[in-house]
Amino acid sequence: MATFDFHHSMLTDEVRTSSFLRAIMEVVEPGDVVVDIGSGTGVLSLFAAMAGASRVYAIEREPVIEIASEIAARNGLSETIAFIAGSSLEVDIPEQADVLITETIGNAGFDEGIVAWVADARRRFLKHDALVVPGRVDAVASLICVPTDFMAIDKWSRPLQTLDFTPLSRIVRNNLIWTDLSPAAIVSEPVVVFGTDFSSEPKWLTGSVRVEAIKDALVHGIGMWFRSSLAPNTQITNAPPNTVPSWEQGFLPLDEPMVVAAGDQIRFEVSSAASGAEWRWQVGSGRTHITSDGQLSMRKVEEAVK
Ligand SMILES: C[S@@+](CC[C@H](N)C(=O)[O-])C[C@H]1O[C@@H](n2cnc3c(N)ncnc32)[C@H](O)[C@@H]1O
């Protein structure tokens with residue numbers, strides 16, 4: 001049975017939801033036409049209507065949209081908000097909007113496809129000078145020491161029932177993994193690896209940085225999170241220690257832990273496709289990990305066991 005726990009926990013995430021409320025009050029002007037991509041329960045569309053929007057188009061691909069119009073009616077705002085079921089890539093709206101709102105920021109910033117959704121909306125839904133909430137998203141990265149997370153993926157590299165299952169190990173190491181990073185896990189000063197203000201339509205976001213280890217440690221991979229300027233006066237981040245329970249952080253693992261000493265300089269590269277579905281990373285002269293190598297398909301399993 002659907003309990004809508006996912007939506008309840010987002011609504012009760014005080015920092016997340018009040019930050020979006022503040023940003024919407026900053027950006028939406030009375031009379032604006034607004035489009036909300038990924039409207040869920042419709043909460044941000046309700047905020048836009050409260051800010052004075054004359055019309056809000058709330059687009060959502062999950063079944064929660066079926067009840068969202070009743071929620072709008074309960075709050076006396078059903079006249080203003082039109083709910084549209086489907087992926088934003090596959091639906092239309094009947095007029096051009098002044099403001100786009102989308103809370104499709106992922107744990108690592110770009111993994112929920114926000115760049116692709118906004119690029120498509122700019123082409124089809126928005127006036128040329130439309131504003132976007134969030135106005136900017138940056139992906140922040142650091143080398144991290146996370147032995148427990150690493151053990152969870154390393155388990156396939158050890159024999160089980162005296163048999164060798166290591167082909168699965170290769171697959172799980174090509175994943176962007178969710179974790180809850182403590183500040184103690186951070187091995188290098190966090191740096192922005194890439195970001196966007198959504199004014200262009202990049203196919204990939206890519207960054208190459210050189211960082212300095214701040215302590216002697218074993219590095220298990222790269223930690224990823226976001227910081228976002230939702231509006232000029234409203235910022236939000238899921239940097240560790242995390243204050244926004246709607247988000248965790250990302251972990252891009254290495255094949256083997258790397259020993260570093262305080263002061264060591266290490267170069268790493270990270271890329272995310274606009275769709276958020278594919279990630280690539282490389283630390284030092286190690287191999288390039290590609291998440292599509294980690295998606296299990298029969299063809300890949302057959303290759304893996306050859
Ligand atoms: C993180 S939730 C946010 C929900 C709501 N806006 C809120 O703030 O509570 C993101 C929602 O976006 C929806 N979504 C993501 N991408 C979408 C797209 N391209 N088109 C329609 N819905 C999308 C998901 O199904 C999910 O319900």
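Coordinate-derived values only; no laboratory data. The model shown is predicted, which means the values in this text are computed figures rather than measured ones. Here the Cβ is made from the backbone with ideal geometry for all residues, glycine too, and neighbour counts use every protein chain on show.
Quick one: Debye curve from the alpha-carbon atoms of the chain only, equal weights, vacuum; give me log10 I(q)/I(0) at q = 0.06, 0.11, 0.12, 0.13 Å⁻¹ to two decimals. For the requested q values the scattering log ratios are -0.23, -0.72, -0.84, -0.95.
Alpha-carbon geometry of region 226-291: the Rg and the Dmax are 15.2, 42 Å, given in that order. The alpha carbons of region 73-145 give a radius of gyration and a Dmax of 15.2, 52 Å, in that order.
Annotation: the residues Trp204, Trp117, Trp156, sorted from fewest to most other C-beta atoms within 10 Å of their own C-beta, follow the order Trp204, Trp156, Trp117.
Each residue, Thr166 and Val259, gets one label point 7 Å from its Cα in the Cβ direction; the gap between the two is 2.2 nm. This ranking places Arg123, Arg170, Arg280 by how few other beta-carbon atoms lie within 10 Å of each, fewest first, which gives Arg123, Arg170, Arg280.
Assuming R0 = 35 Å, can you tell me the calculated FRET efficiency for the pair Arg287 and Glu70, based on Cβ-Cβ distance, to the nearest 0.05? The calculated FRET efficiency here is 0.10. Can you give me the Cα centroid spacing of region 258-273 and region 121-186 in angstrom? The two parts, judged by their Cα centres, are 15 Å apart. Kirkwood radius for region 146-283, taken over all pairs of different Cα atoms as the inverse mean of 1/r, rounds to 16.6 Å. Among beta bridges identified by DSSP and lying wholly in the chain, the antiparallel ones come to about 75 percent. For region 143-207, the calculated P(r), taken from all Cα-Cα distances in 10 Å bins from zero up to the bin holding the longest distance, is 16, 31, 29, 18, 5, 1 percent.
The fewest-to-most ranking of Leu252, Leu21, Leu11, Leu181 by surrounding Cβ atoms within 10 Å reads Leu11, Leu21, Leu181, Leu252. Taking GluC sites (Glu not before Pro) across region 1-101, the ones in a DSSP loop with at most 16 further Cβ atoms lying within 10 angstrom of their Cβ are Glu79, Glu90, Glu95. Of all aspartates and glutamates in the structure, those lying under 16 Å Cα to Cα from Lys155, and not within fewer than 8 positions of it along the same chain, are Asp164, Asp255, Glu256. The calculated 222 nm mean residue ellipticity attributable to helices in the chain amounts to -7000 deg cm²/dmol, summing -39500 (n - 2.57) over DSSP H runs of n ≥ 4 and dividing by all residues. Using the alpha-carbon centroid of each, what span in Å lies between region 4-42 and region 190-235? When both Cα centres are located, 24 Å separates them.
Simple point charges give the picture: +1 on the Cβ of Lys and Arg, -1 on the Cβ of Asp and Glu, and for region 44-183 a dipole about the Cα centre of about 360 debye. Here each label is just a point 7 Å from Cα along the line to Cβ, and for Thr148 and Asp197 those points are 4.1 nm apart. Legend: P(r) of region 5-103 from all alpha carbon pair distances, 10 Å bins from 0, whole percents, reading 17, 53, 29, 1.
Sorted from longest to shortest, the spans of the Cα atoms of region 95-199 along the three principal axes equal 64, 31, 17 Å.
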